[in-house]
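Below is one structure, written out as structure tokens; the observations come after it.
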Amino acid sequence: MSGDRSKWQAADYAAVADWPGYFAAVSGKPARETLVAALDAFDAEGPTRFPRAAVDLGAGEGRDTAELLRRGWRVEAIDAHPDAIKRIWARTDLVNTDRLRTSAGTYEECFVPPCDLLNASFSLPFCHPAYYAAVWRKIEGAVRAGGRFAGQFFGDRDTWASIEGRSHHTEEQVRALLADWSVEYWRMEESDKPDAMGNVKHWHLFHVVARKTPGPTPRKTP
């Protein structure tokens with residue numbers, strides 16, 4: 001993609017992995033709908049004695065991290081780009097910062113601590129396909145029973161599916177990934193929108209909130 005970047009939208013920067021440009025383009029936007037849906041589901045379950053723990057994987061400039069902190073969560077915000085970490089701490093709307101930790105690392109290299117919520121807003125599709133299965137297992141291992149995943153999967157009909165290094169899935173593949181989860185929120189988006197150059201991008205993605213199914217109760221030894 002080329003042309004006057006002053007006319008670019010957030011998706012245009014994401015298309016070429018210009019993450020500082022992307023962070024600047026989405027600055028000031030509210031928390032993602034999937035995160036809000038997941039937080040509302042936790043709120044409906046009632047208060048807890050201690051703050052719940054969340055991992056914001058691919059946290060970007062921190063729009064979701066800020067919402068998690070506002071709602072009283074403990075947050076581990078992870079992003080591979082150093083500009084993201086700087087932007088998170090530079091936000092003027094952060095509260096409860098004593099409950100925030102940030103760390104830099106790629107999807108395949110980072111440590112994902114145990115959590116009640118794994119938030120991955122528009123981030124996992126940028127995980128290289130060679131690492132995706134291992135990263136998903138890492139996510140499944142980190143989320144506690146009864147906890148939730150909130151995020152997006154990019155579909156196989158999305159224009160970006162042709163870009164090397166991106167991870168895209170059919171609906172059947174997404175549902176297979178979620179086989180051990182109870183899907184609470186599911187919205188498939190498929191539409192055509194022009195980019196800054198006037199080229200039409202076909203969007204195909206799945207917005208998901210899923211609750212990790214608790215395992216069977218261990219039998220007591222007689």
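The values are calculated or read from the model by the stated rules, or taken from the named source; none is laboratory data. What you see is a predicted model; the values in this text were computed from it and never measured. Backbone-built Cβ (ideal geometry, glycine too); neighbour counts: all protein chains shown. Quick note on the areas: whole protein, heavy atoms, side chains included, nothing else; ligands and nucleic acids left out. Shrake-Rupley method; radii C 1.70, N 1.55, O 1.52, S 1.80 Å.
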Open item on the list: Need pairs with beta-carbon distance below 7 Å; first residue part of a helix (DSSP H, G or I) and within segment 135-163, second open to solvent by less than 50 Å² (accessible area, probe 1.4 Å) and aliphatic (A, V, I, L, M); sequence gap 6+ or separate chains.
Closed with: Trp136/Leu177; Lys138/Val112; Ile139/Val112; Ile139/Leu118; Ala142/Val55; Ala142/Val112; Ala142/Leu118; Trp160/Ala15
- [ ] Residue by residue through segment 95-126, note down the ones that are aliphatic (A, V, I, L, M) and more than 17 Å from His81 (Cβ to Cβ).
- [x] Val95, Leu100, Val112, Leu117, Leu118
Task: Options Phe50, Phe23: the member that is of a type in the set (Phe, Trp, Tyr) and assigned to a loop (DSSP other than H, G, I, E, B) - done: Phe50
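Of Glu67, Glu45, which residue is open to solvent by 10 Å² or more (accessible area, probe 1.4 Å), more than 18 Å from the chain's Cα centre (by Cα) and either of a type in the set (A, V, I, L, M) or within 17 Å of Cys115 (Cβ to Cβ) (or both)?
After ruling out the rest, the residue left standing is Glu45.
Matching residues to (1) in contact with a helix residue (DSSP H, G or I) (Cβ under 6 Å, 6 or more places away or on another chain); (2) more than 25 Å from Val183 (Cα to Cα); (3) of a type in the set (A, V, I, L, M, F, W, C); (4) open to solvent by less than 40 Å² (accessible area, probe 1.4 Å):
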{"residue": "Ala10", "(1), (2), (3), (4)": "yes, yes, yes, yes"}
{"residue": "Pro30", "(1), (2), (3), (4)": "no, no, no, no"}
{"residue": "Glu33", "(1), (2), (3), (4)": "no, no, no, no"}
{"residue": "Val36", "(1), (2), (3), (4)": "no, no, yes, no"}
{"residue": "Phe50", "(1), (2), (3), (4)": "no, yes, yes, no"}
{"residue": "Asp56", "(1), (2), (3), (4)": "yes, no, no, yes"}
- [ ] Filter segment 111-134 down to residues that are open to solvent by 10 Å² or more (accessible area, probe 1.4 Å), over 22 Å from Phe50 (Cα atoms) and either in contact (Cβ under 8 Å) with a residue 40 or more places away in the chain or of a type in the set (Asp, Glu) (or both), then give me how many there are.
- [x] 3
